[in-house]
Amino acid sequence: MPVVLPTDYPVWLLVAVAVGYILYVRRQPHLAAPWRRVTRSAAGMSALVVLLAFIAVGLADSLHFRPQLERRDQQDRPVYGVEVLSLLDVLVMPLRTRTERTYSAPLATRAYSRETVELPGGGVAREFPRLRHGGTHLADEADHVRDVAATVLQGVALGFVGWWLAAWLATAGLARGRGVPAGAMWNAVQRRETDVPWLAIYLTALALALIAVPVALLATKYHVLGTDKVGQDVLYLSLKSIRTGLVIGTLTTLVMLPFAILLGIMAGYFRGWIDDVIQYVYTTINSIPGVLLIAAAVLIMQVYIDKNPDLFPTAAQRADFRLLLLCVILGLTTWTGLARLLRGEALKLSELEYIQAAHAFGVRHGRVITRHILPNVMHIVLIALVMDFSGLVLAEAVLSYIGVGVDPSTTSFGTMINAARLEMAREPMVWWALAAAFVFMFVLVLAANLFADAVRDGFDPRVAVGPRAVGAAA
């Protein structure tokens, strides 16, 4: 039975808006020109490939349903479980269901701590027991290293072949669209003679394939990133955390946009007492410690959730509603920085001659703002949003670490780091959960920052982006 969680509505609405914006921009040359400059950045397009991989995982985790249960009676009415799953859960079902008793190291065949086990001939002993799922296909544990190496080599070979076929098909499609031979197009890509840095895109896709395919093959036999305290696969937890990070980064911007754009432009355009009031509002908000303000709002929100349990049929819907409210709270407390930027830009634009001419001809203020001010500040809005995305992902990790972030049952990078805090103090130290959260979050934030740099350069006409095309343009 399909289930739509509270954050699924804005997520898919945002996807629809993004698709519509892309189609609209393609028909508007003046809007497509800066994006064409963005596509000439090799670092930016490589980062975009990585971001698209994260987005694909996040969207797969945003298609939710409740599985149908098998009934022992003969009634025809279906019965559905209370657990809410996603498409990502189905795709990585072995990672989700193959749990151990407790910690196990990455690619291990035995538990990480000694346990009391019964010997075959009688008696007991303290030893590291074999895992229930990791490496159970091995008849002899001496073949462990050899099996891991063989699996990695097999994955590298399959990843390279799959990448080669995909790259050749993509190049053939580009050549067909431009009416040139596929071989000539492939040579132009290799010599970097295209406007779009397809060579950088292909190499980034190759790196992802050489990592993802071996990890996928190893995940069918071992716990690639180990397990946590309750035996859950850390790779599964890392993949589930991607959606939370993307939701925090994107939905928060949707909440802050109306306040930042409306109040920032009004303050700079109307000036006077309107400017004084708006400045007083965001100066007051900035004077309150952000963590305390967010913590107070989260506690009030949690009281409301606890007093209205009937509003949430499942635990997943309850946790997701808290995630949605956290996005709203972050948006209401983080719009001030963008509002200040837009106020300064509106102050400058309102003094230009064409704005003064519009006033002289009696054009209404609303039309001046929508036709002249707003289009000329949208590049600042776009750049600020892309650059704030990484900061919001990191903010979720910090808030969840101190206990005022997402619901404890929601998997996120912050909850993984919070759980790993105590694991780092035990002996022997459990390091892989913290390392996995750090690596995934680092790659996501780094890709977002590199793409943000490309967007900033692409929308700034004073910056030269990428080399000019020497041969065939793509």
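The values are calculated or read from the model by the stated rules, or taken from the named source; none is laboratory data. Computed from a predicted model, the values in this text were never measured in an experiment. We place every Cβ from the backbone using ideal geometry, glycine too, and count neighbours over all the protein chains shown. Just so you know, the surface numbers come from the protein's heavy atoms only, side chains and all, with ligands and any DNA or RNA stripped out. Shrake-Rupley method; radii C 1.70, N 1.55, O 1.52, S 1.80 Å.
Details
- Cβ-derived FRET efficiency at R0 22 Å, Glu127 paired with Leu422, nearest 0.05: 0.30
- Rounded to the nearest whole Hz, the Karplus-based 3J(HN,Hα) values (6.51 cos²θ - 1.76 cosθ + 1.60, θ = phi - 60°) of region 91-107 follow the sequence 5, 10, 3, x, 5, 7, 8, 8, 9, 9, 6, 7, 4, 8, 6, x, 6, with x at glycine and proline.
- Full extension of the chain segment joining Val443 with Leu23 gains 148.3 nm, where the gain is 0.36 nm per residue of separation less the Cα-Cα distance.
- Label point at Leu293 placed 7 Å out along Cα→Cβ; residues across region 311-333 whose backbone nitrogen lies under 17 Å: 326-333
- Each peptide in 97-109, 414-426 receives the mean, over its residues, of other Cβ atoms within 10 Å, and ordering these scores from highest gives 97-109, 414-426.
- With every protein chain in place, region 54-113: carbon and sulfur % of accessible area (1.4 Å): 56
- Measuring only protein heavy atoms, the 1.4 Å probe finds Thr334 accessible over about 50 Å².
- With Cα atoms, 0 to 90° folded angle of helix 374-401 axis to the chain main axis: 30
- Relative contact order for the chain: 24 percent, from Cα pairs under 8 Å spaced at least 6 residues apart, divided by residue count.
- Taking θ as phi - 60° and the Karplus parameters 6.51, -1.76 and 1.60, the scalar couplings of region 175-185 work out to 5, 5, x, 10, x, 10, x, 4, x, 5, 5 Hz in sequence order, x denoting glycine and proline.
- Straight-line reach from Lys240: taking Cα to Cα under 16 Å and skipping same-chain neighbours fewer than 8 places apart, the aspartates and glutamates in range are Asp8, Asp61, Glu83, Asp89, Asp228, Asp320, Glu396, Asp407.
- 20 °C / 1.002 mPa s Stokes-Einstein diffusion coefficient of the chain, Kirkwood radius on C-alpha pairs, µm²/s: 83
- Ranked by how many other beta carbons lie within 10 Å on average, peptides 344-357, 13-26, 439-452 from highest: 439-452, 344-357, 13-26
- R0 of 22 Å, Cβ-Cβ distance Arg271-Leu14: FRET efficiency to nearest 0.05: 0.05
- The residues of the chain present an accessible area of 53 Å² per residue when probed at 1.4 Å with all protein chains retained.
- Between Leu347 and Leu31, the contour length at 0.36 nm per residue exceeds the alpha carbon distance by 111.4 nm.
- Seen against the Cα atoms of the chain and their longest principal axis, helix 29-38 is set at about 50 degrees.
- Nearest-0.05 FRET efficiency for Ala435 and His144, computed from C-beta distance (R0 22 Å): 0.55
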